[in-house]
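**Student:** Got a structure here, written out as structure tokens. Questions coming.
The values are calculated or read from the model by the stated rules, or taken from the named source; none is laboratory data. Worth saying up front: this structure is predicted, and the values here are computed from it rather than measured. Here the Cβ is made from the backbone with ideal geometry for all residues, glycine too, and neighbour counts use every protein chain on show. Each accessible area value is taken on the protein alone, full model and side chains, heavy atoms only, with ligands, DNA and RNA left out. Shrake-Rupley method; radii C 1.70, N 1.55, O 1.52, S 1.80 Å.
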Amino acid sequence: MPSGTTIDVEEGTYLLDAAQDAGLFVQQHCGNVAVCGWCRMLVLDGAEHLSTIERPECLLMEREQFTEQERASCQTQVCGDVVVTTSYW
């Protein structure tokens, strides 16, 4: 959202990769190591279909003051239907 783009991905695909596969630009700088926080995405629906938050993402979320609805797309795997957005789409 709001692009309206829908894609199917294999379970375990990172949100970052899914968005890029859909042709959507995702800001990121750290090379997927949970340092920069630029790839944060707001989960609009389906948070229960995302991988659990592991320590690197948790530390990043605390440091960068993510909201409870935001996830680092470079650290978050898709496990079912989910709807996300970012501030720059």
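**Student:** Please indicate, with yes or no, whether at least one residue in segment 6-15 is under 20 Å from S87 (Cβ atoms), out of contact with any Lys or Arg (no Cβ under 8 Å at 6 or more places or on another chain), surrounded by 14 or more Cβ atoms within 10 Å (Cβ to Cβ) and in contact (Cβ under 8 Å) with a residue 60 or more places away in the chain.
**Tutor:** Yes, the conditions are met somewhere in segment 6-15.
**Student:** For segment 59-79, which residues satisfy the criterion of being of a type in the set (V, I, T) and touching a Phe, Trp or Tyr at 6+ places or on another chain (Cβ under 9 Å)?
**Tutor:** T76, V78
**Student:** Can you tell me which residue is surrounded by the most Cβ atoms within 10 Å (Cβ to Cβ) among those in segment 47-89 that are of a type outside the set (K, R), without any contact (Cβ under 8 Å) to a residue 60 or more places away in the chain and part of a strand (DSSP E or B)?
**Tutor:** Among those residues, the one meeting the criterion is A72.
**Student:** Separate question: So, in segment 28-46, exactly how many residues are farther than 13 Å from S73 by Cβ and buried (at least 16 other Cβ atoms within 10 Å of the Cβ)?
**Tutor:** Adding up the residues that qualify gives 1.
**Student:** Name the residues in segment 18-27 that are open to solvent by 60 Å² or more (accessible area, probe 1.4 Å) and without any contact (Cβ under 8 Å) to a residue 24 or more places away in the chain, would you?
**Tutor:** Answer for segment 18-27, where residues must be open to solvent by 60 Å² or more (accessible area, probe 1.4 Å) and without any contact (Cβ under 8 Å) to a residue 24 or more places away in the chain: Q20, D21, G23.
**Student:** Would you call L44 more than 10 Å from the chain's Cα centre (by Cα), in a helix (DSSP H, G or I), more than 14 Å from Y14 (Cβ to Cβ) and free of Cβ contacts under 8 Å to residues at least 60 places away in the same chain?
**Tutor:** For L44, the condition - more than 10 Å from the chain's Cα centre (by Cα), in a helix (DSSP H, G or I), more than 14 Å from Y14 (Cβ to Cβ) and free of Cβ contacts under 8 Å to residues at least 60 places away in the same chain - is not met.
**Student:** Answer yes if at least one residue in segment 13-30 is at pLDDT 95 or above and outside any helix (DSSP H, G or I), and no otherwise.
**Tutor:** yes
**Student:** If you don't mind, another one. Somewhere in segment 56-67, is a residue of a type in the set (A, V, I, L, M, F, W, C) and touching a helix residue (DSSP H, G or I) at 6+ places or on another chain (Cβ under 7 Å)?
**Tutor:** No, because not a single residue in segment 56-67 is of a type in the set (A, V, I, L, M, F, W, C) and touching a helix residue (DSSP H, G or I) at 6+ places or on another chain (Cβ under 7 Å).
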